[in-house]
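Student: Take this structure first; my questions come after.
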Amino acid sequence: MRRLPPVLIEDGCSRELLSLIRTILAACKEISFRVGQGALSGVLGSTLDENIQGETQKKLDVLSNQLLKDILLESGYVKAIASEEEDFTVAGNPDAEYIVAFDPLDGSSNTDINSLVGTIFSIMRAPKGSDAADPAIFMQPGHQQVAAGYVLYGPCTTLALTIGKGTRIFTLDKTHGSFMLTQEFAKIPEDTKEFAINASNQRHWQPAMQNYISDLLAGETGPRGKNFNMRWIAAMVGDVHRVLCRGGLFTYPADTKDPNKPFKLRLLYEANPMAMLVEQAGGMAHTGDERILDIDPQEIHQRVSVILGSKNEVETCLGYHK
Ligand SMILES: O=P(O)(O)OC[C@H]1O[C@](O)(COP(=O)(O)O)[C@@H](O)[C@@H]1O
Ligand SMILES: [Mg+2]
Ligand SMILES: [Mg+2]
């Protein structure tokens, strides 16, 4: 079984990018350990604080963010970082080549129930001559990402990673702390009978999504002529991992529940990296209006609607949006 560094070098990964990825993974190994300690870690439960997006921060959100931020900034490999748990971008080494956006702990409401959580990251090049303190360096469409990945802290700790040459899956060998290649190339089946959506929002969806989901639920007796199963982990990282493993459609569509917040998932550190991983595994990732990776971001915590997964099923869903 092969370790991560030689695999990435074979894929043409530069030494500097490899060092940056290994730096992120060093923090993720520490997060994996803390998450795995559960109640023994002393960091379950919520803080008294909210992030800039008005969401209560879990103690593990804050700890994971601090671990990633410290190790990345100390490494000298990043010019700037953007995080779900930071109000603004943070400047790093002005001479570094890369910038990193991350969701330190995705699905953090799952920490208290011993369910799936993960870290999602997106790596881009800093534009030449850019100022490390200028948030505009993150305003690049997702197709410019040079690498994207997530680390899923589940019964085992799994890394899905792409540097634009397919999506590979690694498993953390906790006996010696190395990520080992356990799936050469993830390939999302084009067809599926499984979908994931938070159905409690159903009455707030737009008509296109209402119609699409009601046709899935009608199963054999409806226009689709086949039965569909439904799953919802409440952590995008867990739902996308299932899609990478066995296909499916995952969506968090626009809704009218809160007129100030029509979308849930964040573009820079949730939708973009997941879209790259999914496309590199042969799937599709769309908002309903456009390809996620083609969106020009306007601000670091921007939210978007997400429809991703098995190609033919995403296309069918998009057919309802025309
Ligand atoms: O609360 P809901 O509607 O089930 O939303 C779940 C979604 O929210 C998220 O948990 C948001 O991520 P964070 O935990 O990083 O805020 C997604 O991972 C997930 O798909
Ligand atoms: Mg998240
Ligand atoms: Mg998070």
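Student: Take Leu244 and decide whether it is under 13 Å from the mean Cα position of the chain (by Cα), closer than 23 Å to Gln140 by Cα and crowded, with 18+ Cβ neighbours inside 10 Å.
Tutor: Considered against the rule, which asks whether it is under 13 Å from the mean Cα position of the chain (by Cα), closer than 23 Å to Gln140 by Cα and crowded, with 18+ Cβ neighbours inside 10 Å, Leu244 comes out as no.
Student: Now for a different question. Residue by residue through segment 87-107, note down the ones that are acidic (Asp, Glu) and touching a residue at least 24 places away in the same chain (Cβ under 8 Å).
Tutor: Initial filter on segment 87-107 (acidic (Asp, Glu)): 87, 95, 97, 103, 106.
If the condition is that a residue be acidic (Asp, Glu) and touching a residue at least 24 places away in the same chain (Cβ under 8 Å), then Asp87, Glu97, Asp103, Asp106 are the ones that fit.
Student: If you don't mind, another one. Have a look at Ser75, Ser122 and point out the one that is surrounded by 15 or more Cβ atoms within 10 Å (Cβ to Cβ), more than 21 Å from Ile295 (Cα to Cα) and either hydroxyl-bearing (Ser, Thr, Tyr) or at pLDDT below 95 (or both). Walk me through it before giving the result.
Tutor: Values: Ser122 fails: more than 21 Å from Ile295 (Cα to Cα).
Among Ser75, Ser122, only Ser75 is surrounded by 15 or more Cβ atoms within 10 Å (Cβ to Cβ), more than 21 Å from Ile295 (Cα to Cα) and either hydroxyl-bearing (Ser, Thr, Tyr) or at pLDDT below 95 (or both).
Student: Further question: Hey, among the residues in segment 248-291 that are among the β-branched types (Val, Ile, Thr) and part of a loop (DSSP other than H, G, I, E, B), which one's modelled with the highest pLDDT?
Tutor: The qualifying residue modelled with the highest pLDDT is Thr287.
Student: Quick check: is even one residue across segment 134-143 surrounded by 15 or more Cβ atoms within 10 Å (Cβ to Cβ), among the aliphatic types (A, V, I, L, M), assigned by TED's automatic domain parsing to the domain that holds Leu63 and in contact with a Phe, Trp or Tyr (Cβ under 6 Å, 6 or more places away or on another chain)?
Tutor: no
Student: Pairs, please: C-beta under 6 Å, at least 6 apart or cross-chain, first residue free of Cβ contacts under 8 Å to residues at least 40 places away in the same chain and in segment 228-243, second more than 16 Å from ligand 3 (Cβ to nearest atom) and among the hydroxyl-bearing types (Ser, Thr, Tyr)?
Tutor: Short answer, once both residue conditions are applied: none.
Student: Now a separate question. Criterion first (away from ligand 1 (no atom under 14 Å from the Cβ), assigned to a helix (DSSP H, G or I) and within 25 Å of Thr111 (Cα to Cα)) does Leu216 satisfy it?
Tutor: Criteria not met by Leu216.
Student: In addition: Can you tell which of Ile123, Ile163, Ile169 is in contact with a Leu (Cβ under 9 Å, 6 or more places away or on another chain) and closer than 20 Å to Val304 by Cβ?
Tutor: The unique qualifying residue is Ile123.
The values are calculated or read from the model by the stated rules, or taken from the named source; none is laboratory data. Predicted model, so just to flag it, every value in this text is computed and none were measured. Cβ atoms come from the backbone with ideal geometry, glycine included; neighbour counts cover every protein chain shown.
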